[in-house]
Amino acid sequence: MRSIIFPVLIIQLAAQIAAIGQSEPPIVMPDGSKVSLLGVTYGTHHVPPGYEADGKKIRSIDTPSTNSTVVWLAHEHDPNEWRGYNLLLSDDANTEIIPLDASVRCYAKDDVEVDGYLLRAFPRWEKEFVLSIVTLQNLKVLKDTITVENPHPVSMEKFKTEPLPAKKSDGDFKVTLTKLEADAPLPPYERHTDLPLTDARNKCVRIGFELSDTNWQPLKVETSDAIGDHMMAFLELQSSDLMRKYLAGPHPLAFAADDDYRGYYYRWGLWPEEPAWKIRLEFMRTSGFDTAEILSLTDIPVRAGRLRDYYAELSWRPGQTNNVLEDYTVNGIELKLLAPFLIHENNGLHLKVMIRSDFDLDANNIHITILKATDDQDQPLDFRTSPASGNGSFELVNSHDMKTLNLKLAVHRSRFVEFNVKPTE
């Protein structure tokens, strides 16, 4: 494997420290485009090195409340064709891999795209880390890598850990954490067949817990450490049904002993050798809602419209609520109901319902579940995309001409618990 190592020059510029250097040739993609490192910036205000004076075309990244690290890459390509790429970050030993999403994409020229990656998790104690490029065409990882010097290494720190099992509660909802296993194998139906089981891309974090009530389901997990790393992931279930479907397929992978696991897992975690992880779990109620969480609406007027009319109003900006029918307060949450759309599409009529939450708290922690929907003849309607987040849209399928709509909703909040745990391997 050829590794391109870029020398780093640290300079102070405004509120950023920029690590600049590009003396080695860029990585050439299979389509002929080139990806090269512009530099790494550390601080609260980030501009790609070499483009500080080009504010009209180049966007900055700002983290005013904390110092952060941003990697800047340039992608040179045919101006008439853009295929893009994905990026992976790992340590030298490849013990953990973190996928990166571009925080900023902007064009310096017609054939040069500048991408900024705000690093939310990386081995901050290491003097350098490694970037790998993944093609979008076939999701193959290129052999050539970019080794980047860390502009601000820090020492490992740790939270005070708690032994498992550990119990926490949010109100009357109680959770017992029983398992946190890093470096566990992915379910076989998600593995990369061209990679060994020991590769970090075939690994996940397994997590086990017991709940005080059965009418709650896990949603997300946030994994962080004492030095600023933070990752968010959705919890997935490795179930017996999925395993049976996989094993019944035509070309199953070799079955490993660890594949007997049934339970929740997620990607991506942090580095297994860290002394402690902070785990923040989010749960959502699925039934048995309190009276204070229920909102019943009758005779909601329905308007005919086009799909483009619907999307014109489908804005997530707080406070932007055109065609509001009524304001409601449920469970301490302020809601606005928009007049539903009855839309003619190629496969029939579809009824679109939008509800806004003009609330200062994170709308993703507020959930709106349709419990019942009927038309103006009190006939039941099928619905999908339920529950939705606080700014949500619902589609009622198998619809027909109707003048009004009746809805029974549950408006409820997530519950959260936190644990400080040393993961096992």
Checklist entry - Which residues' amide hydrogens lie under 5 Å from the amide hydrogen of Ala276, considering only partners 5 or more residues apart or on another chain, with H built in the peptide plane? => result Phe159
Checklist entry - At what distance in nm do the modelled label points of Arg105 and Lys167 sit from each other, each positioned 7 Å from its Cα along Cα→Cβ? => result 4.9 nm
Checklist entry - At what distance in nm do the modelled label points of Glu210 and Ala93 sit from each other, each positioned 7 Å from its Cα along Cα→Cβ? => result 3.5 nm
Checklist entry - Within the set Lys203/Lys278; Lys174/Lys422; Lys140/Lys422, which residue pairs have Cα atoms separated by over 28 Å? => result Lys140/Lys422
Checklist entry - Can you list the lysines whose alpha carbon sits under 24 Å from that of Lys109, skipping same-chain ones fewer than 8 residues off? => result Lys34, Lys56, Lys57
Checklist outcome for this item: Restricting to aspartates and glutamates and to Cα separations under 17 Å from Lys160, and discarding same-chain partners fewer than 8 apart, the set is Asp225, Asp229, Glu273, Glu274, Glu418
Item to check | Relative contact order (percent, whole number), region 166-283, Cα cutoff 8 Å, 6+ residue spacing | outcome: 31 percent
Checklist outcome for this item: For region 114-153 the trypsin sites (Lys or Arg not before Pro) that pass both the DSSP coil test and the at-most-13 other-Cβ-within-10 Å test are Lys127, Lys140
Item to check | Label-point gap, in nm, between Leu219 and Arg280 - each point 7 angstrom along Cα→Cβ | outcome: 1.3 nm
Item to check | Residue-wise HN-Hα coupling along region 297-307, computed from phi with Karplus coefficients 6.51, -1.76, 1.60 (Hz; x: Gly, Pro) | outcome: 10, 10, 6, 6, x, 10, 10, 7, x, 10, 4
Next on the checklist: Based on alpha-carbon centroids, what's the gap between region 146-172 and region 38-103 in Å, whole number please?
Outcome noted: 25 Å
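Taken together, the values in this text are just the output of simple stated rules run on the coordinates, not laboratory data. Small disclaimer: the values here were computed from a predicted structure and weren't measured. We place every Cβ from the backbone using ideal geometry, glycine too, and count neighbours over all the protein chains shown.
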